[in-house]
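These notes concern the structure reproduced below.
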Amino acid sequence: MGELTERILRVNHAGEHGAVQIYRAQALVCSLLFEDVVPRLHEMLEHERRHLDDFAAVMQTRGVRPCRALGLWALGGFVLGAVTALLGRNAIWACTEAIESSVLCHLNWQLDYLSVHDTELRAVVLGIIADEEDHRDYGLSQCRPGLRASTVALVARASTKLAIWLSERM
């Protein structure tokens, strides 16, 4: 396995770790403020947990160490999830759409590379794309445009890109 493939695996694992924390924090806050949103957040949280387990299994099989910034992903994800939930339903869905759009762009680039260099890991990535697209599409369908939604989306996209960039280097 090449260095780039290891980096892809490490970043994807870290990203799923962060996603678990985002949905976990959102569900926790919403259980107090917006109970109607909690079932959907739990469903999305379970998807992200499964994705995390899938990448962790491949890492363990191949002896790939986790990203050194895993704690940062967890803390950042939890804070982003809690803050967006405190800002309301619309902020949750703006955050979801923005993050999942960024992630899907990143995953689609990976598919091209992995189709030549690692078909097993490509299959794992393909296995999560439908869930990520569903999350993005649901977020988009629930989000109403506005300054708060645009600001949340901007912060979520920038945070995601920064986390990916840092993780590729750690």
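Assorted remarks:
- Between Cys143, Val124, Val64, the Cα set farthest toward the positive side of the dipole of region 39-170 (charges on each charged residue's Cβ, about the Cα centre) is that of Cys143.
- Solvent-accessible area, 1.4 Å probe, carbon plus sulfur percent, for the chain: 59
- Degrees between helix 38-62 axis and first principal axis of the chain (Cα, 0 to 90, nearest 10): 10
- Each residue of region 129-136 was assigned a 3J(HN,Hα) from its phi angle through the Karplus expression (A = 6.51, B = -1.76, C = 1.60, θ = phi - 60°), giving 4, 4, 5, 5, 5, 4, 4, 4 Hz with x at Gly and Pro.
- Solvent-accessible heavy-atom area per residue, rounded to whole Å², over the chain at 1.4 Å: 49
- Note on surface exposure: Met59, Met170 rank Met170, Met59 by accessible area, highest first, 1.4 Å probe.
- Taking the Cα centre of the chain as origin and assigning +1 to Lys and Arg Cβ atoms and -1 to Asp and Glu Cβ atoms, the resulting dipole is close to 640 debye.
- Using Cβ point charges alone (K and R +1, D and E -1), the dipole size of region 41-102 about the Cα centre works out to roughly 320 debye.
- Three-way shape call for region 60-105 based on the alpha-carbon gyration tensor, with the a/c threshold at 1.5: oblate
- Against the chain, whose longest principal axis is taken from its Cα atoms, helix 70-87 shows a tilt of about 20°.
- Degrees between helix 89-117 axis and first principal axis of the chain (Cα, 0 to 90, nearest 10): 10
The values are calculated or read from the model by the stated rules, or taken from the named source; none is laboratory data. As the structure is a computational prediction, the values presented were derived from the model and not from experiment. Positions of Cβ are generated from backbone atoms using ideal geometry, with glycine treated the same way; all protein chains shown enter the neighbour counts. When the accessible area is computed, the model is the full protein with side chains, heavy atoms only, and any ligands, DNA or RNA have been set aside. Shrake-Rupley method; radii C 1.70, N 1.55, O 1.52, S 1.80 Å.
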